[in-house]
Each structure stands twice: as C-alpha cells, then as structure tokens.
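The values are calculated or read from the model by the stated rules, or taken from the named source; none is laboratory data. Keep in mind the model is a prediction, meaning the values are calculated, not measured. We place every Cβ from the backbone using ideal geometry, glycine too, and count neighbours over all the protein chains shown. Side chains included, ligands, DNA and RNA excluded: accessible areas come from the protein's heavy atoms. Shrake-Rupley method; radii C 1.70, N 1.55, O 1.52, S 1.80 Å.
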Amino acid sequence: NCVFDNMFQIGEYYQAYSTNTSYLVNNIFTNTTGNCFAINGGKGNNPSFIIQGNVFYGGADGVLTTPGDNVFITSNQFYNVAWPIVLGAPGYQGTYMNSNITVNFNTFSNSSVTFQILGATSNDPNRVVSSKIYGNASTIVRSSWLQCQWAEDVQFYSNVVTTVLGQP
C-alpha cells in the first residue's frame, strides 16, 4: 500500500537469497522514468515472488526478469508503460534461466510492446522456459503485442487484445 512517485527505478530484487515467499502488492507506481521493478538472481528453486494488485502509471519497463523463477505477475494494471512485461531482460544476474513465470489477469493500456520475451537461442541464459501468459487484456498497443526472440514451453491462451496500431 505504498506510492512510488517520480523515480528512475523502484527496486531490484535478487531472488537467490530469499527463503520465503516474497510479495509486491497493492502499490502505485507513477512517473517512473526507467524500470519499475526488476527480479534477478534466479536459481531454479526460489520461493515464489508474487506481484499482485499494483497500478503502474508511465515508465519504460514495468516488470523485468533477468533471470527470475517462480514469479507470479497477477491482477496488475499498466497504463502508459512502454514495455510493461519484459521476461529474460539483458543483464543476466543469476545461475539459472527464467522459468515458471505466470503472467495472468493483468490489464494493459497504451503500451509500445506489451510482452517482450528475450533470449536469443536455446543456449542463452536469458531464455524463458516453462511459463504461462493468460487471461490478460490489452488495449491501444502502439507497436506489437508480443516480441518473442526465444521461448521454450511458454503457453499463451485466453488473452484479449484490441486496437493494435502497429504489428499484431
């Protein structure tokens, strides 16, 4: 229940040291000029990290993983965030790949690219595997809803996208 206003980056969380489920819930992020929140340090067996019920207004990136695992991005609102969800962002800080990430029931409005899934090859440590993206709603997408460089067993279903101004 915090308000984060007029910052470059809200936080960066290194999962490798966590021993219990972690939460980022019911916050408001506004006027962020850089990345809102980055998760890194994934090692494949981290406790869950739950990002839920937050409202993001503006910014370059909303939530990034570099790498993260057992991350649940659920029921958040993203308004005017250029790249709301970036999975497998460059800057690898960890010993494992991005895995078991669920992005569901979020709403997105006026993004450039709603979902970016990075990692260039099957050998890239930033690749995204065994994840789900479902039940999200996007409107006014300026470039494309999804940019995907590499993904293994990433499931997309029941997403609703309206008003794509660039490439679908």
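Structural remarks
- Taking residues in region 118-137 that are free of Cβ contacts under 8 Å to residues at least 60 places away in the same chain and small (Gly, Ala, Ser), and partners anywhere that are part of a loop (DSSP other than H, G, I, E, B) and open to solvent by 50 Å² or more (accessible area, probe 1.4 Å), the pairs with Cβ atoms closer than 8 Å and at least 6 places apart or on different chains are Gly119/Pro125; Gly119/Gln149; Gly119/Trp150; Ala120/Gln149; Ala120/Trp150; Ser122/Trp150; Gly135/Phe105; Gly135/Ser158.
- Restricting Thr65, Thr32 to those that are of a type in the set (S, T, N, Q), within 19 Å of Ile133 (Cβ to Cβ), touching a strand residue (DSSP E or B) at 6+ places or on another chain (Cβ under 8 Å) and open to solvent by less than 10 Å² (accessible area, probe 1.4 Å) reduces the list to Thr65.
- In region 116-138, residue surrounded by the fewest Cβ atoms within 10 Å (Cβ to Cβ) [restricted to those that are assigned to a strand (DSSP E or B), at pLDDT 95 or above and not small (Gly, Ala, Ser)]: Tyr134
- Odd one out for Thr74 among (1) over 21 Å from Val141 (Cβ atoms); (2) open to solvent by less than 30 Å² (accessible area, probe 1.4 Å): (1)
- Count of region 1-44 residues, restricted to those that are farther than 16 Å from Val86 by Cα, part of a strand (DSSP E or B), of a type outside the set (Val, Ile, Thr) and free of Cβ contacts under 8 Å to residues at least 60 places away in the same chain, is 6.
- Residue check, Val103 of a type in the set (A, V, I, L, M, F, W, C) and open to solvent by less than 50 Å² (accessible area, probe 1.4 Å): yes
- In region 141-168, the residues that are exposed (fewer than 15 other Cβ atoms within 10 Å of the Cβ) and either part of a strand (DSSP E or B) or small (Gly, Ala, Ser) (or both): Arg142, Glu152, Asp153, Gln155, Tyr157, Ser158, Val160, Thr162, Thr163, Gly166, Gln167
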